[in-house]
Each structure stands twice: as structure tokens, then as C-alpha cells.
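Quick notes on the structure that follows.
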Amino acid sequence: MSKKLGFAALSAGMALTLAACGGEGAGGGGGGAGAGGSAAPEDLTIGVSMPTQTSERWIADGANVQEQLEGAGYTVDLQFANDDIPTQLQQIDSMITQGADILVIAAIDGTALAGQLETAASQNIPVVSYDRLIRDSENVDFYVTFDNFQVGVAQGNALLRGLGLQNEDGSAGTATGPFNIELFAGSLDDNNAFFFFNGAMSVLQPLIDDGTLVVKSGQTSIEQAAILRWQQETAQRRMEDLLTSTYNDGSRVDGVLSPYDGLSRGIITALTNAGYGPTLDAGNPMAVVTGQDAEIASVKLIQDGVQSSTIFKDTRLLAEQAVEAAAAFAEGGEPEANDTETYDNGVKVVPSYLLPVETVFADDIQSVLIDSGYWTADEVASGQAD
Ligand code: BGC
């Protein structure tokens with residue numbers, strides 16, 4: 001517990017003594033003391049550290065977490081770190097210095113925060129790892145995320161479905177292949193990248209083994225497929241390089257496993273520039289490209305028949321879980337986990353709360369994204385968030 005929360009815990013025991021002495025209730029600074037080791041939200045500041053504002057996903061996460069925490073009465077110190085590791089470290093340092101009572105952190109580099117977490121622990125500040133697991137530290141108190149392996153499984157299945165190898169209900173489709181595919185993965189300093197890739201490969205590898213799918217470049221390891229910091233431009237360049245090195249013999253790439261919508265758009269740009277598309281039903285069709293996050297620009301591309309699919313993760317629900325975790329710590333308790341086995345951060349298995357994910361093809365945009373209020377029909381039509 002933070003100084004304030006720790007003080008609250010102490011004060012529960014002291015309350016009787018103080019009452020007996022006719023003293024005033026312990027208030028200590030912000031007056032955060034409550035019964036049973038808890039502190040009122042109004043007395044607590046939550047530091048929220050988000051990786052970047054270059055992706056809508058993280059802007060939405062930041063906004064949702066802030067809104068929900070403030071709605072519950074907490075003061076929020078929200079910072080975005082520009083995808084720059086030293087910036088994130090410095091922002092977390094300053095949250096701690098300025099008296100944050102609880103930290104919620106979506107790491108840029110999940111392996112770079114051990115020092116900051118050590119300081120947090122020494123001041124009894126609970127740390128909630130948000131979406132991305134913070135690694136190599138025993139001072140991660142809870143992890144809220146989606147079922148990241150299932151994200152990968154869903155991406156693998158979406159690629160098969162886009163290629164016609166699988167029907168919506170998971171049964172075998174009418175296509176037989178073989179199909180040329182290429183594989184992309186996320187940033188290797190993000191623990192999620194491994195879960196996505198491994199989940200997808202659990203679906204794709206058997207079909208690679210039996211020759212239905214051919215990774216024509218031969219680049220099948222996550223190290224070869226990885227895109228540092230999930231950068232769209234880097235993905236575009238890698239796709240351009242693959243087209244030049246591997247598909248300059250008149251062959252085509254039929255499908256691309258992409259773990260994130262930003263990468264998908266870079267990949268689609270490279271393919272478009274090479275004469276694919278513009279759509280999935282054009283004469284020289286766009287390759288089947290998967291995605292993740294239901295970013296509005298990609299939802300429009302899906303609506304327009306350019307990008308094949310994405311995986312929707314409702315960040316409003318993730319924000320809710322972060323708020324619940326913070327509340328549990330504020331009340332002097334522990335958040336409720338629904339997974340205590342999967343997320344070993346190298347030092348310990350971090351108790352986690354995993355949320356489910358949904359696959360979105362063009363036909364699902366209305367029911368999954370618009371009806372739930374995630375995007376409006378106008379935003380989908382324009383491809384821009386209001
Ligand atoms: C998140 C994904 C996101 C990616 C790039 C991952 O850690 O889980 O939702 O697409 O980072 O921002």
C-alpha cells in the first residue's frame with residue numbers, strides 16, 4: 001500500500017486508541033484513512049502510464065481509464081510516453097515523486113521497468129500491469145489484459161477464413177490451396193507479441209506442415225517476422241522487401257498474418273503500390289490481411305473490402321477491470337483473478353484478469369462495433385474518430 005494506503009491500514013488499529021483519547025480521526029495529509037485499511041477514492045491519486053498516442057487504441061485506453069477512475073472519485077495523473085522508453089521511465093518516476101498511490105502501466109518495453117517498480121514497491125504503491133505484462137520484476141501486483149493467446153488463434157483462423165480454407169463456423173471451407181502467405185509479428189519487447197504469434201502459429205503450423213500454406217520467403221520465426229515498436233512504416237518496408245525478394249517471379253502473396261491494424265495498413269500500402277487490389281475481389285485481389293484492435297481506419301478498410309478482418313478488444317471493458325483492480329487495492333484487498341497460471345513474467349506468475357476477444361469481418365461491423373457504441377456508423381464511413 002502507498003504511504004496513504006499504508007497509513008490507512010495503520011490507522012484502523014490506531015482508531016480505537018485515538019477515539020479513547022478523544023483525539024481526532026487520523027487524517028494524514030490527504031486524510032485518506034478509512035476503516036479496515038482502506039482509503040477513499042477521493043484521497044487517492046492513480047498514475048496511469050500509457051505507451052503512445054500514435055495509435056487510437058492507446059488514446060482510447062487512456063481516455064477510458066481516466067474517465068472511469070475519475071468517475072469513481074480518484075484523481076488521475078495520465079501520461080503518454082511517445083513510444084520512447086526513457087520518457088516512460090521518467091514519467092513513472094515523476095508519478096511516484098508526486099505521490100501516486102497506485103500505478104496502472106501499459107509498458108513500451110515490458111523488460112525495462114524493474115527499477116521503477118522497485119521504487120514503487122519500496123513505497124508500498126501497488127502496480128497494475130495494463131494489457132502488456134511487465135516482465136522481470138516481482139513487484140507487479142496484478143495484470144489486466146485480454147486472452148492474448150486467443151487473439152493469435154483468432155488471427156490464424158481469420159486468415160484461413162479469408163482465404164476460404166475455413167467457414168465461419170470453423171468447418172473446412174471450399175478452397176484447397178496451396179496459398180502463399182507471409183507472417184508478421186509485433187515488437188519483441190512486448191510480451192503480447194509472443195502470445196499473438198504462438199496463438200496464430202498453433203492454427204497455421206499444421207497447414208504449413210501439410211503444404212496447404214506456403215511461407216514463400218521462408219521467414220517463419222518470430223524474430224524474422226517481428227516489427228520493432230509495432231511501427232506501420234517498418235511493416236510497409238518489410239512487405240516491400242518481401243515482394244521484391246520473393247514475389248518478383250510472377251507469383252503472388254495470397255495472405256498476410258498481421259497482428260495489429262497499424263501494421264496491416266502498412267502492409268496493405270505496400271501491396272497496393274505493387275498493384276494488388278484495390279479490394280479483395282479485384283482482378284488482382286488484395287491479399288487477405290488480418291489485424292487487431294478495430295482501429296477506425298482499418299474498420300473502414302474492412303467495410304470497403306480492402307482489409308479482410310480485425311480482432312476487436314473492447315478497451316472499455318479493460319479500463320473497467322483496471323478500475324476494479326485499483327479499487328480492490330484502495331480497499332486494502334486483492335483484485336479477483338480469473339487466471340493464475342498463464343502469465344509468468346520471468347520472476348513470478350502474475351495473477352491476471354483476462355477478457356475475451358471478437359473477430360470482425362465486414363459483416364460483423366454493425367453488430368459488434370456499431371451496435372455496441374464502440375464506433376458510430378459515421379465514423380466507420382469516414383474512417384476517422386470523432
Ligand atoms: C496490444 C495490441 C496492440 C499492440 C500495438 C499490444 O500490446 O495488446 O492490442 O495492437 O500492442 O499497440
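The values are calculated or read from the model by the stated rules, or taken from the named source; none is laboratory data. Small disclaimer: the values here were computed from a predicted structure and weren't measured. As a convention, Cβ positions derive from the backbone with ideal geometry for all residues, glycine included, and neighbour counts pool all protein chains shown.
Would you be able to say whether some residue in the stretch 309-326 is over 28 Å from D77 (Cα atoms) and part of a loop (DSSP other than H, G, I, E, B)?
Step one: list which residues in the stretch 309-326 are over 28 Å from D77 (Cα atoms), which gives 309-311.
Now drop any that are not part of a loop (DSSP other than H, G, I, E, B), which leaves 309.
Checking the stretch 309-326: at least one residue is over 28 Å from D77 (Cα atoms) and part of a loop (DSSP other than H, G, I, E, B).
The set of residues in the stretch 84-98 that are more than 26 Å from L228 (Cα to Cα) and either assigned to a helix (DSSP H, G or I) or in contact (Cβ under 8 Å) with a residue 60 or more places away in the chain (or both) comprises S94, M95, I96, T97.
Can you tell which of S367, S372, S298 is in the same structural domain as L160 (by TED's automatic domain parsing), without any contact (Cβ under 8 Å) to a residue 60 or more places away in the chain, of a type outside the set (D, E, K, R) and within 16 Å of the ligand (Cβ to nearest atom)? Working first, answer last.
Values: S367 fails: within 16 Å of the ligand (Cβ to nearest atom); S372 fails: within 16 Å of the ligand (Cβ to nearest atom).
The conditions single out S298.
So, in the stretch 118-136, how many residues would count as being away from the ligand (no atom under 14 Å from the Cβ), surrounded by 24 or more Cβ atoms within 10 Å (Cβ to Cβ) and under 20 Å from the mean Cα position of the chain (by Cα)? Explain how you work it out, then say what you get.
Step one: list which residues in the stretch 118-136 are away from the ligand (no atom under 14 Å from the Cβ), which gives 118-128, 136.
Narrowing the set further to residues that are surrounded by 24 or more Cβ atoms within 10 Å (Cβ to Cβ) leaves 120, 125-128.
Adding the requirement that they be under 20 Å from the mean Cα position of the chain (by Cα) leaves 127-128.
Total meeting the criteria: 2.
For the stretch 110-224, the strands (runs of 3 or more DSSP E) that sit wholly inside it and include 3 or more residues that are touching a strand residue (DSSP E or B) at 6+ places or on another chain (Cβ under 7 Å) and more than 30 Å from L280 (Cβ to Cβ) are 127-130, 142-146. Residue check: is F142 closer than 24 Å to D83 by Cβ, touching a residue at least 60 places away in the same chain (Cβ under 8 Å) and in contact with a helix residue (DSSP H, G or I) (Cβ under 6 Å, 6 or more places away or on another chain)? Criteria not met by F142.
It is to be established whether one or more residues within the stretch 64-78 are in contact with a Phe, Trp or Tyr (Cβ under 8 Å, 6 or more places away or on another chain) and either within 21 Å of A330 (Cα to Cα) or not assigned by TED's automatic domain parsing to the domain that holds V323 (or both).
For the stretch 64-78, residues in contact with a Phe, Trp or Tyr (Cβ under 8 Å, 6 or more places away or on another chain) and either within 21 Å of A330 (Cα to Cα) or not assigned by TED's automatic domain parsing to the domain that holds V323 (or both): present.
Checked against (1) within 16 Å of the ligand (Cβ to nearest atom); (2) on the phi > 0 side of the Ramachandran plot, L257 passes all but a single condition, namely (2).
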